[in-house]
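Novice: Here it is: the structure, laid out below.
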Amino acid sequence: MATEDEGDLSARYQNTLDALSSLITKRGRFASNNQSHRFRLLFHYLKVLELEDAVSQMKIIHVAGTKGKGSTCTFAESILRCYGLRTGLFTSPHLIDVRERFRLNGIEISQEKFVDYFWCCFHKLKEKTSNEVPMPTYFCFLALLAFKIFATEQVDVVILEVGLGGRFDATNVIQKPVVCGISSLGYDHMEILGYTLAEIAAEKAGIFKSGVPAFTVPQPDEAMRVLNERALTLEVNLQVVEPLDSSERLGLQGEHQYLNAGLAVALCFTFLKEIGIEEKNCLNQTNGLPAKFISGLSNAYLMGRAMVVPDLELPEEIVYYLDGAHSPESMEACAIWFSKQIKQNQERNQKRSEQILLFNCMSVRDPSLLLPRLRSKCIDQGVDFKRAIFVPNVSVYNQVGSSSEVATRVESMSWQFGLQRLWESLARGEAKSNARCDSKGNGEDKSFVFSSLPLAVEWLRDNARQSKQVRFQVLVTGSLHLVGDLLRLIKK
């Protein structure tokens, strides 16, 4: 039973989330003409919060990119914590609770601290609002809140993941990070960042600061050219790092993580050298990684990326494979990881298994770039989905604001039926090309649309109870929001 104090904190926290959700603007998030104006306001907000000096003195690692930037930040934070540094990590998005975005020494901030810091910032900013200077938008406020938290908690290092793009991102209000990183670039958020890799790279390179060292991973030529040009203009020493050796054990699963780990290692080597924690000869990569690097890499943890979670009610019958992949390239990486997991499981487990896809993607994504890559890459690896399930693309359980607000949602299912049609057309095309058009073959590849995630999970459980000899291996992907929804649902 909750104590009175716990009940009071819970109510205060819910009120805080309601206030935070009031900052979610209904204006088009890709109104590019507003980006520069909103970005300039950030400097005013820092002044109001009396954070200008504190932010200027922070020792910061700043990371942008299309995919892998969150993993890179997670690896870097874990490594630096092994050196005894007090770390502050700001990432996005969150899966279940907004506090996941703020980690102190690897642990998400407590409800009590979050509430106190939130209202301190909210009230100060609210007092200074006007027609010319409105309240910050949702992500801008969260970035400001991160600076407030890390300044007050007196962390030794801040690791900042860019939210979107780079040039006009709220995290880019910083003026002098210790080192910058650009993870793998690809096509995502094109309606905001541009429709070519050159345009996207230019936005990401917006985090480069004059004279501040920077690292990136191997990029497509078009993107690499832009990064190099921007680095040359700002006299930035930009270096390209290779993937970490696959013999190293990583806390985050998937072959693609060796690329992110390589970038994190380079960032941490440079950071530690710049602040004088280690001498140069102690950080000689040619002699192998220092023990603290190895420990940090192997203990890194990031919820929602390459996770394997048994169902709470039927752990032997249903296993969820969770990955928030939502770009074409990350979808392929997800398919490779999932297929490898399935093969390893088949070697260990005699029980017959059946692979099922549980999918959703946001309407700003192009599913014709996602589903074909996922399906074909899995088939290439010898894994074929027997069923596919599509659910609404609006998060029901995401802990941002009032649950009553999302409960009143009324949504057309046309998007999900469109996903289903695309999936079935892919299945028909493969059946035709493989001359597998018999009725039995078609009957095995089934797809379904459910009006909610709970209904889909209940359907899975009902089927699992009826098929005791079969283990359902469910890949949940396409959206981090879907992954968060499922984690919250199955852990109730």
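Novice: Under a point-charge model restricted to the Cβ atoms of Lys and Arg (+1) and Asp and Glu (-1), what is the dipole moment magnitude of the chain relative to its Cα centre, in debye to the nearest 20? All intermediate terms of the calculation are to be shown ahead of the outcome.
Specialist: Working: 56 positive and 57 negative charges, 120 e Å.
Computed charge dipole of the chain: roughly 580 debye.
Novice: Take Glu430, Glu242 and sort them by solvent-accessible surface of the protein heavy atoms, 1.4 Å probe, largest at the top. Walk me through the numbers on the way to the answer.
Specialist: Numbers: Glu430 40, Glu242 120 Å².
Correct descending sequence by accessible area is Glu242, Glu430.
Novice: A follow-up question, please. Are there trypsin sites (Lys or Arg not before Pro) in the stretch 89-133 that DSSP puts in a loop and that have at most 14 other Cβ atoms within 10 Å, and which ones? Don't skip to the answer; put the middle values down first.
Specialist: On the way: sites: Arg99, Arg101, Arg103, Lys113, Lys124, Lys126, Lys128; in loops: Lys128.
The qualifying sites are Lys128.
Novice: Moving on. For Val241, what accessible area in Å² do you get when you roll a 1.4 Å probe over the heavy atoms of the protein chains, rounding to the nearest 10?
Specialist: Ignoring ligands and nucleic acids, Val241 comes out at about 20 Å².
Novice: Additional query: Could you list which residues have their amide H under 5 Å from that of Ala388, counting only those 5 or more apart in sequence or on another chain, with H placed in the peptide plane?
Specialist: Result for Ala388 returns Leu357, Lys446, Ser447, Phe448.
Novice: Can you give the direction-averaged projected area of the convex hull of the alpha-carbon atoms in the stretch 159-310, in nm²? Could you put the intermediate results ahead of the total?
Specialist: Values: hull surface 41.3 nm².
It is 10.3 nm².
Novice: So what J values fall out for the stretch 461-472 if you push phi through Karplus, 6.51 cos²θ - 1.76 cosθ + 1.60 with θ = phi - 60°, rounded to Hz, Gly and Pro as x?
Specialist: 5, 4, 5, 5, 5, 7, 10, 4, 8, 10, 9, 8
Novice: Let me ask something additional. Just the number, please: carbon plus sulfur as a percent of the accessible area of the chain, 1.4 Å probe, no ligands or DNA/RNA counted.
Specialist: 49
Novice: Once phi is turned into θ = phi - 60°, what whole-Hz ³J(HN,Hα) does the Karplus curve with 6.51, -1.76 and 1.60 give for every residue of the stretch 164-175, x standing for Gly and Pro?
Specialist: Once rounded to whole Hz, the list reads 8, x, x, 4, 9, 6, 4, 5, 7, 5, 5, 9.
Novice: Per residue of the stretch 65-75, in order, report the coupling 6.51 cos²θ - 1.76 cosθ + 1.60 (Karplus, θ = phi - 60°) as ³J(HN,Hα) in whole Hz, putting x for Gly and Pro.
Specialist: Running phi through 6.51 cos²θ - 1.76 cosθ + 1.60 with θ = phi - 60° gives x, 7, 9, x, 5, x, 5, 4, 4, 5, 4 Hz.
Novice: Something else about it: Using C-alpha positions alone, give me the convex hull volume of the stretch 86-182 per residue in cubic angstrom. Intermediate results must be reported in sequence, preceding the final value.
Specialist: Numbers: hull volume 11.4 nm³, N = 97.
Each residue corresponds to 118 Å³ of Cα convex hull volume.
Novice: Leaving out ligands and nucleic acids, note down the accessible area per residue over the chain with a 1.4 angstrom probe, in whole Å². Before the final figure, lay out the partial values.
Specialist: Details: 21830 Å² over 492 residues.
For the chain, the per-residue accessible area is 44 Å².
Novice: Considering amide H positions built from the backbone, and no H for Pro or chain starts, which residues 5 or more places from Gly478, or on another chain, come under 5 Å of its amide H?
Specialist: Amide H neighbours of Gly478, under 5 Å, 5+ apart: Ala325.
Novice: So which trypsin sites (Lys or Arg not before Pro) in the stretch 203-303 pass both tests, a DSSP loop state and at most 13 other Cβ atoms within 10 Å of the Cβ? Could you put the intermediate results ahead of the total?
Specialist: Values: sites: Lys204, Lys209, Arg225, Arg230, Arg249, Lys273, Lys280, Lys292; in loops: Lys209, Arg249.
Sites meeting the loop and neighbour criteria: Arg249.
Novice: Tell me the volume per residue, in Å³, of the convex hull enclosing the alpha carbons of the chain. Please report the intermediate quantities before stating the final value.
Specialist: On the way: hull volume 82.6 nm³, N = 492.
Output value, Cα hull per residue: 168 Å³.
Novice: Filter the chymotrypsin sites (Phe, Trp or Tyr not before Pro) in the stretch 283-381 down to the DSSP loop ones having no more than 16 other Cβ atoms within 10 Å, then list what survives. Kindly include the intermediate steps, with their values, before the conclusion.
Specialist: Details: sites: Phe293, Tyr301, Tyr320, Tyr321, Trp337, Phe338, Phe359; in loops: Tyr301.
When the chymotrypsin sites (Phe, Trp or Tyr not before Pro) of the stretch 283-381 are filtered for loop state and at most 16 Cβ neighbours within 10 Å, Tyr301 remain.
Novice: Using the alpha-carbon centroid of each, what span in Å lies between the stretch 30-88 and the stretch 365-395?
Specialist: If you average the Cα positions of each part, the centres end up 33 Å apart.
Novice: With the cut-off at 18 Å, tell me which of the pairs Lys446/Lys468; Lys59/Lys128; Lys67/Lys204; Lys351/Lys468; Lys59/Lys113; Lys124/Lys148 have Cα atoms farther apart than that. Mind dumping the intermediate values first?
Specialist: Values: Lys446/Lys468 20 Å; Lys59/Lys128 29 Å; Lys67/Lys204 12 Å; Lys351/Lys468 10 Å; Lys59/Lys113 22 Å; Lys124/Lys148 12 Å.
The pairs that break the limit, which is 18 Å between Cα atoms, are Lys446/Lys468; Lys59/Lys128; Lys59/Lys113.
Novice: Quickly rank 168-174, 447-453 as a protection proxy: mean count of other C-beta atoms within 10 Å, highest first. Don't skip to the end; give the middle numbers.
Specialist: Values: 168-174: 22.6, 447-453: 17.3.
Peptide ranking by packing, descending: 168-174, 447-453.
Novice: Could you state the angle between the C-alpha long axis of helix 414-433 and the longest principal axis of the C-alpha atoms of the chain, as a value from 0 to 90 degrees rounded to the nearest 10?
Specialist: Value to nearest ten degrees: 60.
The values are calculated or read from the model by the stated rules, or taken from the named source; none is laboratory data. What you see is a predicted model; the values in this text were computed from it and never measured. We place every Cβ from the backbone using ideal geometry, glycine too, and count neighbours over all the protein chains shown. Ligands, DNA and RNA are stripped out before the accessible areas are found, and what is left, the full protein with its side chains, is counted by its heavy atoms. Shrake-Rupley method; radii C 1.70, N 1.55, O 1.52, S 1.80 Å.
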